[in-house]
């Protein structure tokens, strides 16, 4: 009978944690770049350019990459595979382009665990010849993975990567 009570308590705790844990996530960072909006957007819409400023390409310069389609157009897919635990494997597909403004992609992570997120890069004209770039992603935490988010601060962890990448992007576009 003691086993039944312990099992009931474990199940109750699991249900309470799953109900309390965040179901959705959104992380973004922004930076001002001293370049006109159209120039910034023309660089951002090409996924391959992320290899120049994204932090993950620096972590594993030997990661395997393959591409399908025409970069900078809807449907373009960039696939990557790495043994580096912070890079893993997956693919990014451009799903929406708003000319001189926004690029959205579906991120399909395969390793270290399977998940789908949606990424975005937005170029906003500041009106003074500079552009505010916002880089982020969002998605849904499925049960039981949402429980892990009670103990992991995604905004802090991924936000640092976005800040590093945006600083590199600024350096590239302003030089």
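Read-outs: derived from the displayed coordinates by stated rules, not from any lab. All values derive from a computational prediction rather than experimental measurement. Cβ coordinates were reconstructed from backbone atoms using ideal geometry, including for glycine residues, and neighbour counts include every protein chain displayed.
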Residues residue 143 and residue 48, FRET efficiency given R0 of 30 Å [Cβ-Cβ distance, rounded to 0.05]:
0.25
Quick check: the distance between the Cα centres of segment 46-68 and segment 72-96, to the nearest angstrom?
9
Give me Rg/Rg_expected for segment 79-158, where Rg uses Cα atoms only and Rg_expected = 2.2 N^0.38 Å with N residues.
1.31
So what are the radius of gyration and Dmax for the Cα set of segment 1-87, in Å?
22.1, 71
Helix-derived mean residue ellipticity, 222 nm - over the chain, DSSP H n ≥ 4, -39500 (n - 2.57), to 500:
-10500 deg cm²/dmol
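Using 0.36 nm per residue of separation minus the Cα-Cα distance, give me the extension gain between residue 62 and residue 85 in nm, one decimal.
On the way: separation 23, 0.36 × 23 = 8.28 nm, distance 1.34 nm.
Gain on stretching residue 62 to residue 85: 6.9 nm.
In what sequence do 101, 23 fall when counting other Cβ within 10 Å, fewest first? Intermediate results must be reported in sequence, preceding the final value.
Details: 101 16, 23 12.
Final ranking by Cβ density, sparse to dense: 23, 101.
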Extension length gain for residue 26 and residue 118 (0.36 nm per residue less Cα distance), in nm, is 32.2 nm
Specify, per residue and in Å³, the volume enclosed by the convex hull of the alpha carbon atoms belonging to the chain.
125
Take 113, 80, 56 and order them by how many other Cβ atoms sit within 10 Å, fewest up front.
113, 56, 80
